[in-house]
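For reference, the structure is listed below as structure tokens.
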Amino acid sequence: MTKSIQLTPTEARRLAISAQQLTHSNHPASKEALYKTMQKIRCLQLDPIRAVERTQYLVLWSRLGQYNRQWLHDLVAEQLIFEYWAHAASIVLTEDFPLHEHHMRRYAASPKSSWAKRLNKWVHDNPEFKAYILSELDRRGPLLTNQFENQSKVPWESGGWSSGRSVAFMLDYLWTSGEILVAKRDGLKRWWDLASRVLPLESLDSGWSSEAVTADAAQKALRSLGVGRLADIKKHFIEGRYPGIEAILPQLATEKQILPVEIDGWPGEWFLTPDQLPHLEAIRSDNWRGKTALLSPFDNLIRDRNRTELMWDFYYRIEIYVPKAKREFGYYVLPILHHDQLIGRIDPKMDYKKKILTIHNVYAQNDAPKDGQTAAAIGETIADLGRFLGAEQIVYDKRPAFWKLRSHDLTTAETRNQ
């Protein structure tokens, strides 16, 4: 039996941060760097909320700094990435197509949830409507949802919120089953097209067994986690789509595709992939450089809230759907990562018309460093966010007195928060 690797909590945290590309880098942002980041994190969650910036752009900014958003769309056009389900609706890698194609086949052949079963039956009961959507895309695509025939003429029996949304439901079914994909996006607008015109399907591998999918996806998930347990892997990357992982994970350990780990004071059986060992060596050689970053609520590093609480002693829940009067921190709060610790959070709001980034409040953890150097790092990172968003002013409503963060004009001076 392979002897477990002994880690301290600090080493485990640093491995996780490194795996998520949240360490300091001297390399300039580029389209190539963006693609390499995608290859490391495997998936980039999509979300429509733009209180600050849409999460797919914010997550990349946390890692790359000032970059061109168009690069992400260029990679879609170059067929290197595409939109599909990971742990949520996400941008995923074309090289991972076999993992997602497995879900496409299973969804169409044997839907699991009651909603999927109902939708599947409705699609099969309305073959003419399905044929109409596909023929329109073949003839006229790419198309927006509202460019199809009047939705009220399409059969869907519902008296609730879903009434009249037949086109949207058919598109969702065809997308999930892999017959169509998103060809391009502009904000919330999605242009649909036949999958064969969005991806080079004839050159992509497919038809993998459940065992092959789970073995490959589990290793990729673990690699992007840095270090993790069975429960962490199951909630990461292609959450809910690891058939037989309870038996496959021990087999991977036996084959030394993954290595057992014990972390001082943390419960459970942990693992890492062998390619994390050079990173661990760098950490132990004091050759690890963290940075200060603001994290989207949907950032891969913190999306598993229980894991986040265990690893960083940081309780975080998004409060978008909490009534304003009952919110503890704010509507769209960004945690502050400072080197290997989560030291606080900010409550920001971007006014794109006025070009003002307002920080309603800055919250510090009880054990957060209160020195001027930390304050400067936070201030510089917030200013960098303002520049990324196109803000001309940054305004603070509230903040801890010990961090001395000051409102300032980005158009006339560099950050003066120290």
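Data for the structure
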quantity: In order through segment 267-277: 3J(HN,Hα) via Karplus (6.51 cos²θ - 1.76 cosθ + 1.60), integer Hz, x for Gly, Pro; calculated: x, x, 9, 9, 9, 9, 8, x, 6, 7, 4
quantity: Loop sites in segment 276-352: trypsin sites (Lys or Arg not before Pro), DSSP, at most 15 other Cβ within 10 Å; calculated: R289, R317, R327
quantity: Proximal aspartates and glutamates relative to K404, as straight alpha-carbon distance under 14 Å, when same-chain residues fewer than 8 apart are discounted; calculated: D371, E380
quantity: Accessible area in the full protein assembly, largest first, 1.4 Å probe, for T2, T308; calculated: T2, T308
quantity: Calculated from backbone phi, Karplus (6.51, -1.76, 1.60) coupling profile of segment 340-357 in Hz, x at Gly/Pro; calculated: 10, 10, 8, 9, x, 7, 10, 10, x, 8, 9, 9, 6, 6, 8, 6, 10, 9
quantity: Accessible area of W61 in the full protein assembly, 1.4 Å probe (Å², nearest 10); calculated: 10
quantity: Segment 29-118 - convex hull of alpha carbons, volume per residue in Å³; calculated: 110
quantity: Distance violations [Cα-Cα > 19 Å] among K40/K220; K36/K220; K291/K353; K112/K234; calculated: K291/K353
quantity: Under-5 Å amide H pairs with I258, H placed in peptide plane, nonlocal only; calculated: A253
quantity: Rounded accessible area of H102 (nearest 10 Å², 1.4 Å probe); calculated: 10
quantity: Shape of segment 276-418, Cα gyration tensor, a/c cut at 1.5; calculated: oblate
quantity: Cut-off under 5 Å, modelled amide H: who pairs with V182 long-range; calculated: E83
quantity: Expected 222 nm ellipticity per residue - DSSP helices of 4 or more, -39500 (n - 2.57), all of the chain, to 500; calculated: -11500 deg cm²/dmol
quantity: Surface share of carbon and sulfur [accessible, 1.4 angstrom probe, percent] for the chain; calculated: 49
quantity: Calculated from backbone phi, Karplus (6.51, -1.76, 1.60) coupling profile of segment 311-318 in Hz, x at Gly/Pro; calculated: 7, 10, 6, 10, 8, 9, 9, 6
quantity: Identified option (computed Cα extents along the principal axes in Å; candidates (1) 67, 62, 41; (2) 87, 49, 44; (3) 62, 59, 55); calculated: (1)
quantity: Mean accessible surface per residue for the chain, computed with a 1.4 Å probe while every protein chain stays in place, in Å²; calculated: 46
quantity: Rounded tilt (10° steps) of 97-109 against the dominant C-alpha axis of the chain; calculated: 50
quantity: Among 220-231, 116-127, the order from most to least packed when residues are scored by Cβ within 10 Å on average; calculated: 220-231, 116-127
quantity: Tilt relative to the chain, helix 55-64 - C-alpha long axis, 0 to 90 degrees, to 10; calculated: 40
quantity: Rounded tilt (10° steps) of 114-125 against the dominant C-alpha axis of the chain; calculated: 30
quantity: Under 5 Å, built H, 5+ apart or other chain: amide partners of R190; calculated: T145
quantity: Segment 79-142: C-alpha gyration tensor shape, a/c 1.5 cut-off, then a/b vs b/c; calculated: oblate
quantity: D_trans [Stokes-Einstein, Kirkwood Rh over alpha-carbon pairs] for segment 354-418, 20 °C, 1.002 mPa s, µm² s⁻¹; calculated: 180
quantity: Shape category assigned to segment 166-244 from the gyration tensor of Cα positions, a/c cut at 1.5; calculated: prolate
quantity: DSSP-defined antiparallel bridges as percent of all bridges, the chain, nearest 5; calculated: 85
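The values are calculated or read from the model by the stated rules, or taken from the named source; none is laboratory data. Treat the numbers as computed from the prediction; the structure is a model and nothing was measured. Please note: Cβ atoms are built from the backbone with ideal geometry, for glycine as well, and neighbour counts cover all protein chains shown. All accessible areas refer to the heavy atoms of the entire protein, side chains included, with ligands and DNA or RNA removed. Shrake-Rupley method; radii C 1.70, N 1.55, O 1.52, S 1.80 Å.
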